[in-house]
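**Q** There's a structure below that I have some questions on.
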Amino acid sequence: MDFTFTEEQRAAAEAARGVFAGVAPDAVPSPALTTGAVAEGFDRELWARLAEADLLSLLLDEAHGGSGLDAIALCLVLRESARVLARVPLLEHSAAAAAVQTYGGPELAERLLARAGRGELVLTVAAHGRSGHDPAELAVGARRDGSAWVLDGVQTTVPWAYDADLVVVPAHVEGTAAERTVLALVPRERDGVVLAEQVSTSGERLAELRLTSVRVDADEVVEADGAWEWLHALLATGTCALALGLGERVLRMTAEYTGKREQFGYPIATFQAVAVQAADRYIDLRAMEATLWQAAWRIASGAPGALPAAGDVAVAKIWAAEGVRRVVQTAQHLHGGFGADTDSPLHRYHAWAKHLELALGPAAAYEERLGDLLAAHPLG
């Protein structure tokens with residue numbers, strides 16, 4: 001089996017490196033970490049450059065102006081974005097548009113996708129439930145009212161909610177015997193939609209999304225079975241790609257620092273205690289990478305196997321959540337006091353890493369989830 005990336009996937013990563021080359025996270029510390037202010041709005045100039053490079057339409061078919069690529073290509077681009085802490089809703093926007101294309105009707109796709117690919121329409125996803133720990137699809141209820149739907153509920157920590165034109169909200173259908181989830185595309189300005197400001201550990205502006213008798217038309221709802229499960233898996237895998245890119249950049253920063261910092265006349269990188277810690281973190285990153293590509297491949301190919309995609313995603317999330325935490329903690333330790341300085345770039349990377357770890361959720365929960373999947377799908 002050939003595990004190398006395709007020419008198209010490599011081209012997407014190369015294009016992303018070109019776009020992100022002008023982003024300098026070292027010179028732009030998070031406002032919340034330095035002044036107590038909250039970052040407002042994402043980087044619109046960078047967003048426009050991503051659109052010009054066709055990186056907002058990677059997963060869209062050519063009929064909608066896209067490249068027709070897959071989850072692996074998206075994760076390669078996200079990996080590059082995390083290395084510079086790019087402040088754009090690339091993951092949420094791309095995943096939401098792909099879900100509409102895969103599971104939505106042709107009229108909805110025709111109305112939204114070309115504009116989304118050009119960056120004219122910004123999408124985000126409410127994926128963290130009411131508290132961040134309960135299933136997102138249970139936090140909002142949807143009921144029929146004639147030809148329309150009515151939504152009630154609360155979703156927490158919605159990223160880029162103040163900037164997005166549409167928020168994709170998973171909602172469980174009330175009044176039915178079987179469990180069923182739909183995806184509602186809710187305009188931010190719709191009556192009954194209220195945003196309450198929240199702030200992430202990285203200093204970015206999030207929102208608690210409150211829906212009170214919000215009416216959405218039938219053509220604003222994706223009713224296909226499996227749509228939320230697929231979208232949720234893609235979001236989780238993309239978050240793992242962000243964790244990997246951030247972790248790789250932090251380990252490189254650590255290698256550069258320990259190679260220059262001297263004690264007793266020698267670079268501290270030559271000390272066994274330092275080298276062993278760095279080597280352990282390198283192993284973490286390689287495990288994060290292997291499990292990420294396995295999960296992305298499973299989503300991209302839909303290949304059958306003993307385990308569903310949820311198993312591969314759970315393994316990737318376990319390694320990403322634990323790995324990115326260990327990488328930044330070791331970096332802080334080996335940088336000494338410099339790592340704790342809020343003016344230091346490392347401090348910002350640490351804050352973003354903590355946000356990603358919290359977004360992924362505790363590794364123990366996914367170990368339990370993986371155990372349940374193994375019990376339900378025994379191997380051999």
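The values are calculated or read from the model by the stated rules, or taken from the named source; none is laboratory data. Keep in mind that what you see is a predicted model, and the values were worked out from it rather than measured. Quick reminder, even Gly has a Cβ in these numbers, built from the backbone with ideal geometry, and neighbours come from all protein chains shown.
**Q** Can you tell me which residue within region 304-335, out of those that are over 30 Å from residue 374 (Cβ atoms) and either in contact (Cβ under 8 Å) with a residue 24 or more places away in the chain or not assigned by TED's automatic domain parsing to the domain that holds residue 294 (or both), is surrounded by the fewest Cβ atoms within 10 Å (Cβ to Cβ)?
**A** Checked region 304-335; the qualifying residue surrounded by the fewest Cβ atoms within 10 Å (Cβ to Cβ) is 333.
**Q** Do any residues in region 252-278 that are over 16 Å from residue 338 (Cα atoms) and in a strand (DSSP E or B) have Cβ atoms under 6 Å from those of residues that are polar (S, T, N, Q) and at pLDDT below 90, where the two are at least six apart or on different chains, and which pairs are they?
**A** So the pair list comes out empty.
**Q** Here's a follow-up. Restricting region 143-168 to residues that are free of Cβ contacts under 8 Å to residues at least 40 places away in the same chain and in a strand (DSSP E or B), which is nearest to residue 127 (Cα to Cα)?
**A** 143
**Q** Which of the residues belonging to region 258-303 are closer than 26 Å to residue 78 by Cβ, touching a helix residue (DSSP H, G or I) at 6+ places or on another chain (Cβ under 6 Å) and hydroxyl-bearing (Ser, Thr, Tyr)?
**A** The answer is 291, and nothing else.
**Q** Right, another one. Kindly evaluate residue 224 against the criterion of being at pLDDT below 95, aliphatic (A, V, I, L, M) and farther than 30 Å from residue 348 by Cα.
**A** The answer is yes for residue 224.
Here's the yes/no breakdown for (1) farther than 27 Å from residue 205 by Cα; (2) hydrophobic (A, V, I, L, M, F, W, C):
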position: 269; (1), (2): yes, yes
position: 274; (1), (2): yes, yes
position: 277; (1), (2): yes, no
position: 287; (1), (2): yes, yes
position: 291; (1), (2): yes, no
position: 312; (1), (2): yes, no
position: 318; (1), (2): no, yes
position: 326; (1), (2): no, no
position: 360; (1), (2): no, yes
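**Q** Out of contact with any His (no Cβ under 6 Å at 6 or more places or on another chain) and farther than 30 Å from residue 46 by Cα - does that describe any residue in region 114-132?
**A** Among the residues of region 114-132, at least one is out of contact with any His (no Cβ under 6 Å at 6 or more places or on another chain) and farther than 30 Å from residue 46 by Cα, which makes the answer yes.
**Q** Further question: Select from region 209-223 the residues that are in contact with an Asp or Glu (Cβ under 8 Å, 6 or more places away or on another chain) and either closer than 19 Å to residue 96 by Cα or not small (Gly, Ala, Ser) (or both) and write down the one among them that is surrounded by the most Cβ atoms within 10 Å (Cβ to Cβ).
**A** 211
**Q** Look through region 170-196, keep the residues that are among the charged types (D, E, K, R) and free of Cβ contacts under 8 Å to residues at least 40 places away in the same chain, and return whichever of them is surrounded by the fewest Cβ atoms within 10 Å (Cβ to Cβ).
**A** Once the filter is applied, the top-ranked residue is 189.
**Q** Given the conditions (1) hydroxyl-bearing (Ser, Thr, Tyr); (2) more than 30 Å from residue 221 (Cα to Cα); (3) modelled with pLDDT of 95 or more, which single one is not true for residue 34?
**A** Residue 34 satisfies every listed condition except (3).
**Q** Right, another one. Just checking, how many residues over region 336-346 are crowded, with 18+ Cβ neighbours inside 10 Å and in a helix (DSSP H, G or I)?
**A** Of the residues in that region, 3 qualify.
**Q** List pairs: first residue in region 69-90 and touching a residue at least 40 places away in the same chain (Cβ under 8 Å), second residue surrounded by fewer than 24 Cβ atoms within 10 Å (Cβ to Cβ) and among the polar types (S, T, N, Q) anywhere in the structure, Cβ distance under 7 angstrom, at least six positions apart or on different chains.
**A** 69/9; 72/9; 73/9; 76/9
**Q** I'd like to check which helices (runs of 4 or more DSSP H) are fully inside region 69-142 and have at least 1 residues that are touching a Phe, Trp or Tyr at 6+ places or on another chain (Cβ under 8 Å) and crowded, with 23+ Cβ neighbours inside 10 Å.
**A** Qualifying helices (runs of 4 or more DSSP H): 71-83, 90-103.
**Q** Is at least one residue of region 307-319 assigned to a loop (DSSP other than H, G, I, E, B) and modelled with pLDDT under 90?
**A** Yes, region 307-319 has at least one match.
**Q** Now for a separate question. Collect the residues in region 167-205 that are at pLDDT below 95, within 18 Å of the chain's Cα centre (by Cα) and either within 23 Å of residue 229 (Cα to Cα) or of a type in the set (A, V, I, L, M) (or both), keeping them in residue-number order.
**A** 199
**Q** Picking from 103, 162, which residue would you name as being under 18 Å from the mean Cα position of the chain (by Cα) and of a type outside the set (Val, Ile, Thr)?
**A** 162
**Q** Further question: With the requirement that a residue be touching a Phe, Trp or Tyr at 6+ places or on another chain (Cβ under 9 Å), within 21 Å of residue 150 (Cβ to Cβ) and part of a loop (DSSP other than H, G, I, E, B), what does region 187-208 give you?
**A** Of everything in region 187-208, just one residue is touching a Phe, Trp or Tyr at 6+ places or on another chain (Cβ under 9 Å), within 21 Å of residue 150 (Cβ to Cβ) and part of a loop (DSSP other than H, G, I, E, B), namely 188.
**Q** If we scan region 4-12, do we find a residue that is of a type in the set (Asp, Glu), modelled with pLDDT of 90 or more, under 24 Å from residue 55 (Cβ atoms) and outside any loop (DSSP other than H, G, I, E, B)?
**A** Yes, region 4-12 has at least one match.
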